[in-house]
Each structure stands twice: as C-alpha cells, then as structure tokens.
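Asker: Questions regarding the structure given below will be posed in turn.
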Number of protein chains: 2
Amino acid sequence: MSKVKIGIVGYGNLGKGVEAAIKQNNDMELVGIFTRRPPDTIKHKTPGAKALMINDAVNYKNEIDVMILCGGSATDLPEQTPQFAEMFNTVDSYDNHSKIPEFFDSVDKVASKSGKVSIISIGWDPGLFSINRMIAGAVLPEGVDYTFWGKGVSQGHSDAIRRIEGVQNAIQYTVPIEEALEKVRNGSNPTLSTREKHLRVCFVVAKEGANKDAITKAITTMPGYFADYDTEVNFISEEELKANHSKMPHGGFVIRSGKTGQASKQLIEFSLKLDSNPEFTASVLIAYARACVRLSKEGASGAKTVFDIPLSYLSPKSGADLRKKLL
Amino acid sequence: MSKVKIGIVGYGNLGKGVEAAIKQNNDMELVGIFTRRPPDTIKHKTPGAKALMINDAVNYKNEIDVMILCGGSATDLPEQTPQFAEMFNTVDSYDNHSKIPEFFDSVDKVASKSGKVSIISIGWDPGLFSINRMIAGAVLPEGVDYTFWGKGVSQGHSDAIRRIEGVQNAIQYTVPIEEALEKVRNGSNPTLSTREKHLRVCFVVAKEGANKDAITKAITTMPGYFADYDTEVNFISEEELKANHSKMPHGGFVIRSGKTGQASKQLIEFSLKLDSNPEFTASVLIAYARACVRLSKEGASGAKTVFDIPLSYLSPKSGADLRKKLL
C-alpha cells in the first residue's frame with residue numbers, strides 16, 4: 001500500500017510535532033514543509049522532505065494527499081484553512097471554541113465545492129475532549145459535565161503577564177484543584193465557581209529594578225485572566241525559567257457525573273497527562289490525517305469534525321484486526 | 001420527528017436497565033418486551049408497552065425500529081442475534097471477547113442479506129473501553145495499554161464460589177490495585193503480573209456446620225479463577241449479604257502510556273465508576289440503538305461495531321448543535 005503523503009504548513013512547535021509523529025507511523029511520509037520564513041532557514045529532520053515557500057504549495061497539489069495546517073487559530077487558520085481547502089485535503093487544530101460554527105461553515109463551503117475533505121478542530125480540546133463530552137452526554141442524558149484543564153502552560157496567560165510593565169519573561173500554569181475534582185468524582189454534582197476549579201501559578205522574571213509588588217498586583221487583579229482566580233506569583237531568574245519551565249506540559253479532565261434508573265450514580269472520566277502539548281496535539285492530527293485521506297478516497301467532501309468520522313478510520317489496522325485485538 | 005420504536009428481548013437486569021434508559025431519552029419509546037417467560041408474569045413499568053412471547057416478535061416487524069437483545073453471551077446471543085437480524089435492526093452486548101470475530105461474521109452474513117443493521121458488542125467492555133483503546137492506540141503508536149477492572153462484582157467468580165461444597169451464597173468483587181494504577185500513571189510502563197493488577201475480595205455465606213477453612217482453601221486455590229490472585233475471603237450472614245452486597249457496581253480503567261518526539265511521556269486515561277453495571281450498559285445500548293436506526297434509514301446493512309459508527313449518530317442533537325455546544 002502506498003504511504004499517505006503529508007505536507008506541513010507552518011514549522012513552529014506544532015509543525016515540528018507533526019514531523020516527529022509522522023516518523024512513528026510507517027504508513028505515512030512527509031513530502032514537504034511549507035513556510036512563510038525563508039525555506040533555507042528551516043532545519044528539519046526528515047531526509048528527503050523539502051522546505052518550501054508557502055506560495056509554492058499550489059505546485060504540489062498532485063504530490064500531497066493531505067496538508068496539515070499548523071498555524072494559530074487567531075489569525076492563521078481562519079485564512080489558511082479555506083485557502084488550502086481549495087486545493088488540498090486538510091486537517092487543522094482550530095481551537096477558538098466560540099467561533100467554531102462560523103469557521104466550520106466557511107471551510108465547508110470551500111471544501112464542498114473543491115471536492116476536498118477538511119477535518120477541523122483536531123487535537124485534545126477541541127478533539128479528544130469533545131469526543132468524550134459527546135459520548136458521555138449521549139450515554140448519560142441526565143448528568144452534569146465538568147472540564148478541568150492542567151496542570152499545564154497557558155500561552156495566553158503567559159503572554160498577558162509578559163505585557164505588564166517591568167516583566168521580562170513569564171510563564172503561567174493552570175492547575176486543577178484536587179479537592180474540586182474529588183467532589184465531582186464523588187458524584188455530588190457540585191456547583192463550582194471559577195476560583196474553586198483552577199489555581200493559577202505564575203513564574204515571573206522581573207526586569208532589573210522593577211517593582212515586584214506592583215507586578216504582583218497587576219497580575220492578580222487582571223480582569224478576564226486572573227482576577228477571578230487564586231493566583232500564586234513567584235519571581236525567579238531568567239536562568240531558572242529556562243532550566244525548569246521550558247517544557248510544554250498540559251492535560252486535563254473531562255468528567256460526566258450522571259444518574260440512571262432510580263438513583264444509580266454513574267461516572268465517566270477521561271483524562272490526559274501530557275509532557276508535551278504540541279507533540280500530543282500533533283499525534284492526534286496525524287491520526288485524523290489518515291482518516292481524512294480515507295474519507296477523500298471514498299468520495300467524501302466538505303468540512304468534518306471528530307463527530308463525523310468512524311473511529312476505525314483513525315487506525316492503520318483493518319476492521320477485522322481491530323475487532324480481534326481491540327474490541 | 002417520530003420516536004424511535006424499541007423492542008426489548010429478555011427482561012433480566014439488563015432488559016430492565018434498557019426500559020429505564022428509554023425513559024431518559026424522549027426521542028425513544030418502548031413498544032414491547034419479548035420474553036421466554038409467561039408474558040403475564042412480566043411486571044414492567046412502561047404504560048402502553050406490551051409484554052409478549054419471544055415467538056410473537058415476528059408479528060412486530062413493522063412496529064419496531066430496533067430490537068435490543070438483552071440475553072447472555074454464553075448461549076442466548078449466539079442464537080438470538082442472527083435469528084433477530086433476519087427481521088429487525090438489532091443492538092446487543094455480546095461480550096465474549098475471544099469469540100467476537102466469529103460472532104461478527106455470523107451476524108454480518110444474516111444482516112447483510114436481510115438488509116438490517118446489527119450493532120454488536122455494545123456496552124463498556126467491549127464498548128466504551130474498546131473505543132478508548134482504539135483511539136489511544138491510533139494517537140500514540142508507541143505505547144503500552146493497560147486495562148483494570150473494578151471495583152465491581154464478577155458474576156463468573158461469584159458463581160464459581162457458589163459451586164463449592166458448603167457454600168450457601170457468595171459474591172466476589174474484583175478490585176484494581178491502586179499501587180499498580182499509580183505505577184502506570186507515572187509512565188514507567190511496568191510489566192504487571194495478574195496478582196499485581198487485581199485483588200479478589202469474596203463475601204461468603206457458609207451453610208450451617210460447613211468447614212470454613214476448607215471453603216477458604218477451595219476458593220483461594222481454585223485454578224483459573226483465584227489461584228493467580230491475592231484473594232480475601234470474608235464469611236458473613238445471608239442477611240448481611242442481602243443488605244450490603246445486592247447492588248451491581250462496577251467500573252474500571254483503560255490507560256495508554258505512550259511516548260512522542262524524543263522522550264515526552266503522554267498518558268491517556270479513561271475510567272468508569274458505576275453504581276449499576278446493567279443500567280449503565282443499558283444506557284450505552286440505547287445510544288447505539290439511536291445510531292442503528294439512523295444507519296438503517298441511510299440504507300446501511302450488516303454487522304457493525306463501535307469502530308464503524310460516526311459518534312454524532314449516538315446523539316439526538318443536530319450536527320450544528322454538537323459543534324456549537326460540545327466541540
């Protein structure tokens with residue numbers, strides 16, 4: 001069987017994760033990396049793969065089965081996914097939850113017309129968490145959903161701290177509060193405030209001579225980001241930050257606590273503990289890239305999400321093999 | 001929209017669970033319960049639903065959209081599923097893992113010919129656990145799977161104890177060993193012996209004058225069931241057994257511990273904590289009954305498993321609604 005030929009658009013942490021994930025799947029091969037940077041500055045690790053200008057993609061329509069779009073959700077993907085869906089099957093990790101419906105519609109319009117398959121919003125949230133929310137809700141119609149995130153780095157919150165005067169560098173961890181998790185697991189269906197669910201832990205490098213009290217106050221009172229949480233601020237050196245906080249761990253919990261029959265409590269829990277958020281997201285993208293190509297070969301077209309795709313399409317194993325070994 | 005019309009075959013704990021689950025889903029209605037017992041002995045709880053002899057089912061071909069088969073996997077389902085698949089869309093909970101491939105083939109042959117959809121092996125293991133094993137394996141190709149069961153009642157082990165001389169009644173709980181779970185969660189990919197994964201806890205009612213030491217020895221040395229485990233035997237009275245051990249809790253854990261990139265550890269965990277095993281299994285059956293009817297309306301036929309079905313088919317919500325609220 002010929003391998004799934006993959007293109008990567010964008011070579012940041014996620015794109016690098018996709019490249020690494022391809023190496024773990026021997027039914028896949030990386031054809032090219034498309035970038036806005038000068039291609040010769042791309043130091044990739046796949047012999048035979050090309051580094052190319054993003055505008056060159058159009059010349060690779062017949063050489064790539066699926067393009068994995070590794071740009072950001074704020075500005076890259078809303079432009080890139082519809083643009084690439086005109087020419088390629090695509091998979092992306094669009095994660096702006098509130099705008100997913102309009103993003104889906106804009107991609108679906110293009111992909112339906114071009115006859116390509118575009119699987120959107122793949123990763124773990126949205127993605128595997130969405131799958132678990134959906135199944136749990138269908139199985140336990142009477143119940144309450146809880147999602148906790150962390151322990152993990154929030155880029156948005158880290159960036160917000162970095163914008164404060166006197167801050168040289170910063171990283172912020174979102175930490176689920178164990179006591180709240182336990183209440184949920186006990187089936188008591190608690191109503192939890194924002195403050196009761198997550199703690200925010202910040203590691204801040206202050207500029208020389210900066211007022212640390214002022215920085216702390218600016219962080220802990222920042223509306224939208226920190227004001228509604230208990231926030232811990234730790235000042236450390238740039239060296240410490242680099243040595244101890246350069247990884248991108250993340251994870252979280254999706255729990256549905258429901259009831260069946262007279263009063264039987266039923267609890268469904270899904271959780272992730274990830275050393276590397278981008279590498280894991282990339283691994284999910286790759287599994288859905290496989291599904292994307294299969295759907296396309298079957299003649300499907302248009303935008304798809306995790307809800308639309310039979311799970312067997314994610315696996316290189318045959319139906320008979322899956323039934324024998326995993327059912 | 002007209003409701004999904006459901007028939008139940010077999011009115012034991014699982015059949016009663018299905019009846020209760022139908023009440024939680026207002027797009028469904030129970031038409032009839034088909035039983036081998038005299039129908040007038042069936043005291044069901046659904047006004048308007050009929051209790052009927054199993055042989056009468058043939059007369060309800062046009063009144064039932066999907067038949068939920070609630071018999072056992074040892075002898076009932078291998079006969080009943082192919083038999084009913086000639087006339088009805090079906091959903092069953094066939095759970096004899098090693099025989100699933102041949103069961104699938106025998107059902108597929110009939111359902112493909114009759115033009116019906118038969119979804120087999122639905123519940124939580126096989127079922128939701130299978131889904132999670134499959135997704136986790138596709139996302140993390142380099143990794144190790146672990147499945148733990150419990151804390152929950154094993155009917156097979158309880159029955160085995162009841163067959164020992166001098167035993168009046170008994171119940172056996174399978175208990176996952178927390179220390180083993182923690183080792184797995186820490187990503188150390190341990191090799192775990194049978195004894196290290198699960199503990200067996202037995203509550204036994206001895207007949208008057210029975211030799212308790214002999215019973216304990218017979219249990220703890222029983223090959224295939226207890227000899228490979230650490231087993232705890234507690235003697236209690238029949239009243240205590242009825243008062244404290246008449247529920248059917250169960251649950252378990254599916255964990256995949258994998259690696260991406262250079263050495264990033266990634267952990268995916270799915271777990272269930274169930275007050276009532278049959279009610280929960282029934283709730284999963286009902287969600288797949290909805291999918292079964294949708295597939296049938298689309299013209300599908302043949303045997304299907306959890307791997308073949310897009311997840312959105314489990315939910316009464318529209319695609320747009322799912323994307324907006326759960327993605």
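The values are calculated or read from the model by the stated rules, or taken from the named source; none is laboratory data. The shown structure was predicted, so the numbers you read here are calculated from the model rather than taken from an experiment. Here the Cβ positions follow ideal geometry from the backbone for every residue, glycine too, while neighbour counts run over all protein chains shown. These area figures cover heavy atoms from the full protein model, side chains too; ligands, DNA and RNA do not enter into them. Shrake-Rupley method; radii C 1.70, N 1.55, O 1.52, S 1.80 Å.
Asker: Hey, can you tell me all the residues within the stretch B:137-153 that are more than 9 Å from chain A (Cβ to nearest Cβ) and either under 30 Å from A:Ser276 (Cα atoms) or without any contact (Cβ under 8 Å) to a residue 24 or more places away in the chain (or both)? Even if it seems obvious, please write down each step before you answer.
Answerer: Here is the first cut: in the stretch B:137-153, the residues more than 9 Å from chain A (Cβ to nearest Cβ) are B:143-144, B:146-153.
Within the stretch B:137-153, B:Gly143, B:Val144, B:Tyr146, B:Thr147, B:Phe148, B:Trp149 meet the criteria.
Asker: Tally up the residues in the stretch B:64-92 that are open to solvent by 10 Å² or more (accessible area, probe 1.4 Å) and touching a Leu at 6+ places or on another chain (Cβ under 6 Å), please.
Answerer: Adding up the residues that qualify gives 3.
Asker: Now, a different point. Using the structure shown, decide if A:Lys324 is outside any strand (DSSP E or B) and surrounded by fewer than 21 Cβ atoms within 10 Å (Cβ to Cβ).
Answerer: On the way: outside any strand (DSSP E or B): yes; surrounded by fewer than 21 Cβ atoms within 10 Å (Cβ to Cβ): yes.
So A:Lys324 passes the test.
Asker: Moving on to the next point. Just a yes or no: is a residue in the stretch A:275-295 touching a Gly at 6+ places or on another chain (Cβ under 6 Å), crowded, with 23+ Cβ neighbours inside 10 Å and β-branched (Val, Ile, Thr)?
Answerer: Among the residues of the stretch A:275-295, at least one is touching a Gly at 6+ places or on another chain (Cβ under 6 Å), crowded, with 23+ Cβ neighbours inside 10 Å and β-branched (Val, Ile, Thr), which makes the answer yes.
Asker: So, one more: Hey, can you tell me all the residues within the stretch B:86-128 that are touching a Cys at 6+ places or on another chain (Cβ under 7 Å) and more than 14 Å from every other protein chain (Cβ to nearest Cβ)?
Answerer: Looking only at the stretch B:86-128, we keep the residues that are touching a Cys at 6+ places or on another chain (Cβ under 7 Å), and these are B:89, B:91, B:117, B:119.
Listed by number, the list holds a single entry, B:Asn89.
Asker: Scan the stretch B:287-310 and tell me whether some residue there is facing chain A (nearest Cβ under 8 Å), modelled with pLDDT of 95 or more and assigned to a strand (DSSP E or B).
Answerer: No.
Asker: Determine, yes or no, whether B:Ile171 is hydrophobic (A, V, I, L, M, F, W, C) and assigned to a helix (DSSP H, G or I). Steps first, please.
Answerer: Numbers: hydrophobic (A, V, I, L, M, F, W, C): yes; assigned to a helix (DSSP H, G or I): no.
Spelling it out, it is not the case that B:Ile171 is hydrophobic (A, V, I, L, M, F, W, C) and assigned to a helix (DSSP H, G or I).
Residue by residue, here is whether (1) among the acidic types (Asp, Glu); (2) more than 26 Å from A:Tyr173 (Cβ to Cβ) holds:
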site: A:Lys259; (1), (2): no, yes
site: A:Gln262; (1), (2): no, yes
site: A:Leu272; (1), (2): no, no
site: A:Glu279; (1), (2): yes, no
site: A:Ser283; (1), (2): no, no
site: A:Arg290; (1), (2): no, yes
site: A:Val293; (1), (2): no, yes
site: A:Gly299; (1), (2): no, yes
site: A:Gly302; (1), (2): no, yes
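Asker: Kindly indicate whether A:Leu272 is part of a strand (DSSP E or B) and either away from every other protein chain (no Cβ under 14 Å) or in contact with a Gly (Cβ under 9 Å, 6 or more places away or on another chain) (or both). Break it down into steps so the answer makes sense when it comes.
Answerer: Details: part of a strand (DSSP E or B): yes; either away from every other protein chain (no Cβ under 14 Å) or in contact with a Gly (Cβ under 9 Å, 6 or more places away or on another chain) (or both): yes.
So A:Leu272 fits the description; yes.
Asker: State whether one or more residues within the stretch A:210-219 are in contact (Cβ under 8 Å) with a residue 40 or more places away in the chain and buried (at least 20 other Cβ atoms within 10 Å of the Cβ).
Answerer: Yes: the stretch A:210-219 contains one or more residues that are in contact (Cβ under 8 Å) with a residue 40 or more places away in the chain and buried (at least 20 other Cβ atoms within 10 Å of the Cβ).
Asker: May I pose another question? How many residues does the stretch A:207-239 contain that are in contact with a strand residue (DSSP E or B) (Cβ under 8 Å, 6 or more places away or on another chain) and in a helix (DSSP H, G or I)?
Answerer: 6
Asker: Search the stretch B:14-36 for residues that are more than 17 Å from B:Ile64 (Cα to Cα) and pair each with any residue that is crowded, with 24+ Cβ neighbours inside 10 Å and aromatic (Phe, Trp, Tyr) when their beta-carbon atoms are under 8 Å apart and the residues are at least 6 apart or on different chains.
Answerer: B:Gly17/B:Phe280
Asker: Still on this structure: Every residue in the stretch A:275-284 that is more than 7 Å from chain B (Cβ to nearest Cβ) and in contact with a Lys or Arg (Cβ under 6 Å, 6 or more places away or on another chain), please.
Answerer: First pass over the stretch A:275-284, keeping only residues more than 7 Å from chain B (Cβ to nearest Cβ): A:277-278, A:281-282.
Within the stretch A:275-284, no residue meets the criteria.
Asker: Just name the residue that is surrounded by the most Cβ atoms within 10 Å (Cβ to Cβ) out of those in the stretch A:220-263 that are of a type in the set (Val, Ile, Thr) and touching a helix residue (DSSP H, G or I) at 6+ places or on another chain (Cβ under 6 Å).
Answerer: Taking the stretch A:220-263 first, the residues of a type in the set (Val, Ile, Thr) are A:220-221, A:231, A:233, A:236, A:254-255, A:260.
Keeping just the survivors that are touching a helix residue (DSSP H, G or I) at 6+ places or on another chain (Cβ under 6 Å) gives A:231, A:233, A:254-255, A:260.
On the way: A:Thr231: 20, A:Val233: 20, A:Val254: 24, A:Ile255: 23, A:Thr260: 27.
The selected residue is A:Thr260.
Asker: Take the stretch B:308-327 and flag every residue that is touching a Lys or Arg at 6+ places or on another chain (Cβ under 8 Å) and basic (Lys, Arg).
Answerer: Applying the first criterion (touching a Lys or Arg at 6+ places or on another chain (Cβ under 8 Å)) to the stretch B:308-327 yields B:313-317, B:325-326.
Answer for the stretch B:308-327, where residues must be touching a Lys or Arg at 6+ places or on another chain (Cβ under 8 Å) and basic (Lys, Arg): B:Lys317, B:Lys325.
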